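J.: My questions all concern the structure below.
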Amino acid sequence: EIYILSNRLFMIMEVDETFSPERKQKMDNENPKVQEWENLIRWQRPARRAFADRTVLGALPPLVAAAGLAASPLPGLALVPLALLPIVALRQAFLWRHARHAIDERQIYARRGWLAPRVQVANRAKLQSVEIAQGPLARRGGYATLHLGLAGGTLAFDALPLEEARAMREAILGSIARVDFSKLR
């Protein structure tokens, strides 16, 4: 069931042990009402390069462990950490595939996760700050993280292409400037 509380929509699903996220995703893809909802918001994917960088960084610990084990009296053990490399790559691929963000005239949306998908919604009227952050890999790769400060918490969009992050920042700063915070409750 879908509920509305103030300006928030949320859904509660009661499932049993036969529930399959893959089957639900397939049913959602075939349901015209779900697709209508999805099309109301123009979802954007994060920069693929960021997830490739994270895959490389995630592969470093198993590679270092394998190198250390290769020099040990039992060099065959070096294969054990190397077996983790496909898992690291698959995890990043799934995270990229299921990460989305969107902005409309009233709300900001962030969706992430593939085993337990999570959607965060923030009202633009409650935004108080916006900041672009880039580390060395992000600068080299042309992506950034957009940090949003809002009443009651924070929200961040990871791995935005830099030009998109700048455009979102300008749009958000414009909406912050239009809000008279003395009139908010």
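J.: Tally up the residues in the stretch 47-75 that are open to solvent by less than 50 Å² (accessible area, probe 1.4 Å) and either over 26 Å from residue 134 (Cα atoms) or in contact with a Pro (Cβ under 8 Å, 6 or more places away or on another chain) (or both), please.
T.: Number satisfying all stated conditions: 6.
J.: Go through the stretch 24-46 and count every residue that is among the basic types (Lys, Arg), modelled with pLDDT under 90, surrounded by 10 or more Cβ atoms within 10 Å (Cβ to Cβ) and over 30 Å from residue 141 (Cα atoms).
T.: Total meeting the criteria: 1.
J.: Quick check on my filter: what residues within the stretch 104-134 are of a type in the set (A, V, I, L, M, F, W, C), open to solvent by 60 Å² or more (accessible area, probe 1.4 Å) and out of contact with any strand residue (DSSP E or B) (no Cβ under 7 Å at 6 or more places or on another chain)?
T.: 114, 115, 116 - these are the residues of the stretch 104-134 that are of a type in the set (A, V, I, L, M, F, W, C), open to solvent by 60 Å² or more (accessible area, probe 1.4 Å) and out of contact with any strand residue (DSSP E or B) (no Cβ under 7 Å at 6 or more places or on another chain).
J.: Okay, next question. Among the residues of the stretch 135-155, which ones are under 23 Å from residue 48 (Cα atoms) and either without any contact (Cβ under 8 Å) to a residue 12 or more places away in the chain or open to solvent by 40 Å² or more (accessible area, probe 1.4 Å) (or both)?
T.: 135, 136, 137, 139, 140, 147
J.: Next up: Is one or more of the residues making up the stretch 160-168 open to solvent by less than 30 Å² (accessible area, probe 1.4 Å), part of a strand (DSSP E or B), over 19 Å from residue 45 (Cβ atoms) and not polar (S, T, N, Q)?
T.: Within the stretch 160-168, not a single residue is open to solvent by less than 30 Å² (accessible area, probe 1.4 Å), part of a strand (DSSP E or B), over 19 Å from residue 45 (Cβ atoms) and not polar (S, T, N, Q).
J.: Quickly run through the stretch 118-130 and pick out the residues that are more than 17 Å from the chain's Cα centre (by Cα) and either on the phi > 0 side of the Ramachandran plot or of a type outside the set (A, V, I, L, M) (or both).
T.: Passing the criteria: 123, 124, 126, 128, 129.
The values are calculated or read from the model by the stated rules, or taken from the named source; none is laboratory data. Note that the coordinates shown come from a computational prediction; the quantities given were computed from them, not determined experimentally. Positions of Cβ are backbone-derived with ideal geometry, glycine not excepted, and every protein chain shown enters the neighbour counts. Only protein heavy atoms, including side chains, enter the accessible area calculation; ligands, DNA and RNA are left aside. Shrake-Rupley method; radii C 1.70, N 1.55, O 1.52, S 1.80 Å.
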